[in-house]
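Engineer: Provided herewith is a single structure, encoded as structure tokens, for subsequent inquiry.
Read the figures in this text as sums done on the coordinates, not as results from a lab. Because the structure is predicted, anything quoted here is derived from the model rather than measured. All Cβ positions, glycine included, derive from the backbone under ideal geometry; neighbour counts span all protein chains shown.
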Amino acid sequence: MNNLTELMRSTRARLVLVALVAGVILIGGAWTLRAQDGADVVARVNGEAITKDELFDMMYQYVGPQALDELILVRLVEQEAAARGVAVPQDDIDAEVSAIAAQVGGMEQLQFVLAQQGATMDRLMGDIERTLLIRALLAPNVEVTDEEVRTFFDSNSHLFAQQEMVRARHILVKTEDEAKALRQQLVDGADFAELAQQHSTDTGSAARGGDLGWFGRGVMVEPFEKAAFALEVGEISEPVETSFGYHLILVEEKEQAKEAELTDDIAATIRNALIDEQIQQQLGTWLQTLRIQADVEVLIGR
């Protein structure tokens, strides 16, 4: 359930505000250029200067009106939230960031992705805060019935079913003889994690004592999967050959597959997902209404 909740949370963070802030991310630097000394030179071509004013005007010509419109919508959302006394707790923002990081492979990878896109963690958190503000402002107008929750569950019960899972460690070495020698040490009482740290060529898991965490079927290569799911808890495999080398596998925990039941937690997750879907459908009209009712004066490009 945790993975499904995180997926829905990160999908919300990506979808609800993506159209609203995409232009702001792309053009934000241009407004900074204009705010500084307009006479500053940004380049020279055969001695002839190109100024910040020229650069800004060119950027505005191509994407400026769209970016300005999106900045206006962002400001309207913030003003509406302030007028209604709606705020987003920092813990909620942090939870969204963690969910997105989990989707891309961890916090370090998220930082890398943001840097590649010319964005920052502060900007991402600001986008998430506005996304959650929108949800807080619109959610009171959205109603999801128990019948709708049940219908969604019945149509998508496979998403909530518990598949067969194992939690295992492994030691990977190059030769079968080396694997057999290490297995004998384990049978004689050696610590699996210590031997993994000392001998495993899988450096990623070796640093964790060979820990691979939880995984289901279809994740590992077939010989490894077959051996892992055949072992009992606490049992150490014979050497298992794969294209990577020879593995010794220790299964530490197992969970049997079971059909999904509509628990309170699952019902809450579904309800939130359906609320997010309705908010997404209403968002365009709601933003348009905010703008129509607001006193917006565009001074640039006149």
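Engineer: Would you mind calculating the gained length between W286 and D264 on full extension (0.36 nm times residue separation, minus the Cα-Cα distance), in nm to one decimal?
Structural biologist: That pair, W286 and D264, stretches by 4.8 nm at full extension.
Engineer: Can you order the peptides 289-297, 108-116, 73-81 by their average number of other Cβ atoms within 10 Å per residue, highest first?
Structural biologist: Those peptides, ordered most packed to least, come out 73-81, 108-116, 289-297.
Engineer: Under a GNM of the chain (C-alpha, springs under 10 Å), which listed residue has the highest mean-square fluctuation: V144, V251, V187?
Structural biologist: Result: V187 has the largest fluctuation of those listed.
Engineer: Here is a further query. What base-10 log of the normalised intensity I(q)/I(0) is obtained for segment 108-193 from the Debye formula, alpha carbons as equal point scatterers, at q = 0.20, 0.22, 0.24 Å⁻¹?
Structural biologist: Log10 I(q)/I(0), no solvent term: -0.99, -1.03, -1.07.
Engineer: Compute the FRET efficiency between Q117 and I300 as 1/(1 + (r/R0)^6), taking r as their Cβ-Cβ distance and R0 = 25 Å, and round to the nearest 0.05.
Structural biologist: Calculated transfer efficiency: 0.45.
Engineer: Something else: Quick one: if the Förster radius is 41 Å, what FRET efficiency do E78 and E253 give, using the C-beta to C-beta distance and rounding to 0.05?
Structural biologist: Plugging the Cβ-Cβ distance into 1/(1 + (r/R0)^6) gives 0.30.
Engineer: So what is the relative contact order for the chain, in percent, with contacts set as C-alpha pairs under 8 Å and at least six apart?
Structural biologist: Here the relative contact order equals 19 percent.
Engineer: Follow-up. Please find, in a Gaussian network model of the chain (springs between Cα atoms separated by less than 10 Å), the residue of G189, G213, G105 whose mean-square fluctuation is greatest.
Structural biologist: Residue with maximal mean-square fluctuation among G189, G213, G105: G189.
Engineer: A follow-up question, please. Highest GNM mean-square fluctuation, the chain, Cα pairs closer than 10 Å: which of I270, I100, I236?
Structural biologist: Highest fluctuation among the options: I236.
Engineer: Which whole number of Å³ per residue matches the convex hull of the alpha-carbon atoms in the chain?
Structural biologist: It is 211 Å³ per residue.
Engineer: Which residues in segment 274-302 place their backbone N less than 13 Å from a point set 7 Å from the Cα of V63 along the Cα-to-Cβ direction?
Structural biologist: Within reach of a label on V63: no residues.
Engineer: Apply 1/(1 + (r/R0)^6) to the Cβ-Cβ distance of S155 and D53, taking R0 = 51 Å, and write down the FRET efficiency to the nearest 0.05.
Structural biologist: Taking R0 as 51 Å, the efficiency between S155 and D53 is 0.35.
Engineer: Would you mind checking the tilt of helix 121-138 against the longest principal axis of the Cα atoms of the chain, expressed as 0 to 90 degrees and rounded to 10?
Structural biologist: 80
Engineer: May I ask for the distance between the Cα centers of segment 63-77 and segment 93-125, given as a whole number of Å?
Structural biologist: Segment 63-77 and segment 93-125 have Cα centres separated by 23 Å.
Engineer: While we're on this one: Take segment 165-222, compute every pairwise Cα distance, and split them into 5 Å bins from 0; I just need the percent in each bin.
Structural biologist: Histogram of Cα-Cα distances, whole percents per bin: 5, 20, 26, 24, 18, 8, 0.
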